[in-house]
Amino acid sequence: MKNIIIKKLGTIMLALLIGVSVFSLFPTVTKAETTDVTWSNGSLLAKLGDGGQGDKATVGKTSGKWYWEVNGIAGNPNIPSISLIGITSEAGNNTSDKWKYHSYYGYSGNILTKISSDITRTAYGTTFAQKDTIGLALDMDNDTISWYKNGVWQGSNTAKPSQLGGSQVFPMVMAGESGFKSFQANFGASQFKYPVPVGFLPYQDSGKSTTPDPSTTPDPSTTPDPSTKPDPSTKPDPSDTDGSSQPTGDRAILVVTMDNGFDKEFDLSKKELSAFIAWYDAKDAGRGASFFAIDKHNNNKGPFSNRKDYVIFNKILTFEVSEYSTK
């Protein structure tokens, strides 16, 4: 078992140490393996000229959890953008003025929804400008969509992808006024600017990683060394089929020591640890949420459908990563 002790000293050198020592062991999910999703013009750059003109991605989704980022790259970088970034169910060739959509509106920070002929406005997040990166987290399994501004989650909302109708949901952008506007998308072909939310995949990923490959199932005849074998209480529940807590090879015990001396211990998959490290590194650089949610998985005792432990960044004193393999 390899042990990595990382101590938070609040220095730039420590942040670099974390990036080098941990990311080299557990690569963060920062981009997809495929490059086949673009705007309808075949490019990642959508150029819009008239108010109400929009563009949508070439590939839609029917299930799964997906993340992508959009940047406006024309106009004053500091003035709230009169543009919409969101999702549509439009799969045909109708002009954008006939689309149904849920969108985050830069000028007001509202969610603009168009399901019928009327557009409804719901208070949501902060305004955004051309200089800002907008991340979108589409959860088709739980029928939700949420937005991030420069890595900061803008909160939950009542918009549901299913309200749009149709069999698929597509990323979309739309100009709110006449005048040249351009939107640069990253569906996962290159590294995202901000960490991918836990449980989500790059939009253009095939999604195959959401179901563990049979080839990664541990050989029953293999018995881990006692020094690396996790506590029996952390053994995955056979009823757990979501794949996130099933051993798929490299795993790690994460022990987080809080500033009050209390230790929190978690048995994590490589993907979960990568997400934690990505969040920690981003927050140490001044980006992202102040807390990180870790799913309790098989430690979900009681009549609850889900339990999470929230770790607060400025309460972390040290954390230790102990790798082990179930192969």
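Do we have any residue at all in region 195-212 that's in contact with a helix residue (DSSP H, G or I) (Cβ under 6 Å, 6 or more places away or on another chain), of a type outside the set (Phe, Trp, Tyr) and at pLDDT 85 or above? Yes - at least one qualifying residue is present in region 195-212. Selection within region 279-288: residues that are out of contact with any Gly (no Cβ under 6 Å at 6 or more places or on another chain) and part of a loop (DSSP other than H, G, I, E, B). The member of this set that is modelled with the lowest pLDDT is Gly286. The one condition from (1) modelled with pLDDT of 95 or more; (2) within 16 Å of Ser89 (Cα to Cα) that Tyr148 does not meet is (2).
Take region 138-189 and flag every residue that is closer than 21 Å to Ala282 by Cα, of a type in the set (Phe, Trp, Tyr) and out of contact with any strand residue (DSSP E or B) (no Cβ under 6 Å at 6 or more places or on another chain). Scanning region 138-189 gives a single hit, Trp153. Going through region 113-144 one residue at a time, which ones are surrounded by fewer than 13 Cβ atoms within 10 Å (Cβ to Cβ) and among the aromatic types (Phe, Trp, Tyr)? Residues satisfying the conditions do not exist here.
If the condition is being over 17 Å from Ile87 (Cβ atoms) and among the basic types (Lys, Arg), then region 116-134 contributes only Lys131.
Regarding region 161-170, can at least one residue be identified that is buried (at least 21 other Cβ atoms within 10 Å of the Cβ), outside any strand (DSSP E or B) and hydrophobic (A, V, I, L, M, F, W, C)?
Narrowing region 161-170 to residues buried (at least 21 other Cβ atoms within 10 Å of the Cβ): 161, 164, 169-170.
If we keep only those that are outside any strand (DSSP E or B) too, we end up with 161, 164.
Those left that are additionally hydrophobic (A, V, I, L, M, F, W, C): 164.
Yes; the residues of region 161-170 include at least one that is buried (at least 21 other Cβ atoms within 10 Å of the Cβ), outside any strand (DSSP E or B) and hydrophobic (A, V, I, L, M, F, W, C).
Hey, among the residues in region 289-308 that are touching a helix residue (DSSP H, G or I) at 6+ places or on another chain (Cβ under 9 Å) and of a type outside the set (Phe, Trp, Tyr), which one's modelled with the lowest pLDDT? Applying the filter and picking the extreme gives Asn299. Among the residues of region 95-117, what is the count of those that are closer than 24 Å to Ser40 by Cα, touching a residue at least 24 places away in the same chain (Cβ under 8 Å) and not in a strand (DSSP E or B)? Qualifying residue count, region 95-117: 6.
The values are calculated or read from the model by the stated rules, or taken from the named source; none is laboratory data. Worth saying up front: this structure is predicted, and the values here are computed from it rather than measured. A quick note on method: Cβ atoms are made from the backbone with ideal geometry, for glycine too, and the neighbour counts reach across all protein chains shown.
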